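The values are calculated or read from the model by the stated rules, or taken from the named source; none is laboratory data. Predicted model, so just to flag it, every value in this text is computed and none were measured. Every residue, glycine as well, gets a Cβ built from its backbone with ideal geometry; the counts of neighbours run over all protein chains shown. SASA here: full protein model, heavy atoms, side chains in, ligands and nucleic acids out. Shrake-Rupley method; radii C 1.70, N 1.55, O 1.52, S 1.80 Å.
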Amino acid sequence: MVKSFVRPVIIVSQCLSFARVRYNGEVIPNQFIEQLSSYVNFVPVCPEVAAGLGAPRDPVRLVQKKGETAPSLLQPATGVDATEAVKNFSWNFDVPSDPDGIILKGKSPTCGLTDAKVYAGSEQGAMVNERGEGLFTKEIRHRFPEAVVEDDGRLRNFELREHFLKQIFTNADLKERMSTFQGEHVKQAIDQHWYLLNSCNPDLATELQKTYKNIQGLLDINRLNDIQQMLQACLSHKPTKSTFIHVFERMAHTVQQHLSQPEKQHFYDTLSRYENNKLPRYTLMEVIRMWAVRFQQHDLLKQSFFQPYPESLVELNDSGKGRAL
Ligand code: SF4
């Protein structure tokens with residue numbers, strides 16, 4: 001059966017596959033974004049074009065002026081200071097609902113995530129003092145602190161891409177379920193994402209379950225916000241090999257009464273091979289999923305852990321820098 005997913009809302013730098021808005025009038029093709037467009041609602045924006053700089057345009061740079069606390073966004077060839085225009089745009093452009101994620105073009109003085117150059121001056125030959133967030137990045141993170149933020153370079157890494165996908169699709173699903181304000185729906189959501197939450201942070205997942213075990217009835221907005229913050233805090237932790245092993249053991253425990261001794265032994269041998277990097281994680285997932293089907297374990301089968309985002313997004317080639325844990 002094909003699983004359906006709630007479509008996350010994602011703000012994206014418009015030069016990534018959407019429009020020729022770069023300073024040189026080019027667009028940067030991005031395979032991941034093109035594949036993702038079938039499953040998410042993108043909000044493409046170019047803050048520099050929105051600030052009236054046009055495309056193509058003379059390049060801008062971040063300049064740390066003496067005596068000022070934050071860098072300004074300047075266009076050295078024209079003397080234009082685009083700082084206020086980009087800030088205004090960042091806080092005021094239309095988004096259909098609070099975004100689940102943001103994908104930025106790395107290295108840009110406007111959209112860079114961690115690697116935007118900050119110059120000591122706007123003259124040619126001025127030194128680069130440091131690298132940090134682009135101007136738009138800084139503003140948009142303040143405007144939407146709950147959105148998961150990544151850049152195009154980091155998303156070439158398999159592990160980071162997978163973690164980003166898990167977070168945006170799970171957050172979108174949780175938000176939709178919570179939109180009813182019903183405690184029972186919140187509990188169902190926590191149950192369905194239970195093993196996924198455990199793979200991110202078992203301690204926070206347990207705390208969540210304890211806190212909301214008997215939740216019911218109509219919830220007020222403050223309570224919902226608390227729950228959402230706890231869920232997002234849990235999901236923000238990147239799974240590790242040991243958290244995955246913890247989850248596999250707990251899942252296997254739920255079917256152990258149906259297993260023969262040789263099957264149990266085979267499972268622990270497989271787990272040990274996974275622990276020692278001899279087998280990929282997906283092998284173990286399929287063993288447990290097969291048991292869930294065979295023993296009609298509906299609580300296991302409904303778990304988002306098995307498929308937290310659309311399957312076709314897994315088929316992308318790895319960069320070689322990140323491997324599935
Ligand atoms: S990096 Fe940002 S500001 Fe630069 S072209 Fe892309 S969207 Fe526009």
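Straight-line reach from K3: which aspartates and glutamates fall under 17 Å, measuring Cα to Cα and dropping same-chain residues less than 8 apart?
D173, E176, E286, D299, E311, E315
Using a 1.4 Å probe, how large is the accessible area of K3, given in Å² and rounded to the nearest 10?
Accessible area of K3: about 70 Å².
Excluding N92 itself, what net charge comes from residues whose Cβ is under 11 Å from its Cβ, given Lys and Arg +1 and Asp and Glu -1?
Within the 11 Å Cβ shell, the charges total 0.
Of Q182, N276, C234, which is farthest towards the positive pole of region 172-320's charge dipole, taken about the Cα centre with +1 and -1 on the beta-carbons of Lys, Arg and Asp, Glu respectively?
Farthest towards the positive end: N276.
Taking the Kirkwood radius as the inverse of the mean 1/r across Cα pairs, report the Rg/Rh of region 9-156.
0.96
Just the number, please: carbon plus sulfur as a percent of the accessible area of region 9-156, 1.4 Å probe, no ligands or DNA/RNA counted.
That fraction is 46 percent.
I'd like the antiparallel share, as a percent to the nearest 5, of DSSP beta bridges with both residues in region 68-185.
Rounded to the nearest five, the antiparallel share is 60 percent.
What do you reckon, how do V49, V247 stack up by accessible area (1.4 Å probe), largest on top?
In descending accessible area the options line up as V49, V247.
Considering the Cα positions of region 180-325, please state its Rg to one decimal place and its Dmax as a whole number of Å.
Rg then Dmax for region 180-325, in Å: 16.8, 51.
Using a 1.4 angstrom probe, figure out how much accessible area the chain has per residue, in square angstrom, rounded to the nearest whole.
50
Gap in Å between the Cα centre of region 223-262 and the Cα centre of region 161-190?
With region 161-190 and region 223-262 each reduced to a Cα centre, they are spaced 16 Å.
Where does the chain land at 222 nm, in deg cm²/dmol rounded to the nearest 500, when only DSSP H runs of n ≥ 4 count, each adding -39500 (n - 2.57), divided by all residues?
It comes out at -13000 deg cm²/dmol, rounded to the nearest 500.
Whole-Hz Karplus ³J(HN,Hα) for region 272-286, in order, using 6.51 cos²θ - 1.76 cosθ + 1.60 and θ = phi - 60°, x for Gly and Pro?
5, 5, 5, 4, 9, 6, 9, 9, x, 4, 5, 4, 5, 4, 6
Please report the antiparallel percentage of DSSP beta bridges with both residues in the chain, rounded to the nearest 5.
Restricted to the chain, the bridges split so that about 40 percent are antiparallel.
Keeping all protein chains in place and using 1.4 angstrom, which order do H266, H163 fall into by accessible surface area, from largest down?
H266, H163
With 25 Å as the limit, write out which pairs from K117/K138; K166/K302; K107/K175 have Cα-Cα distances beyond it, or answer none.
K107/K175
Stick to the Cα atoms of the chain, pair each with every other, and give me the Kirkwood hydrodynamic radius in Å at one decimal.
After inverting the mean inverse Cα-Cα distance, the result is 21.9 Å.
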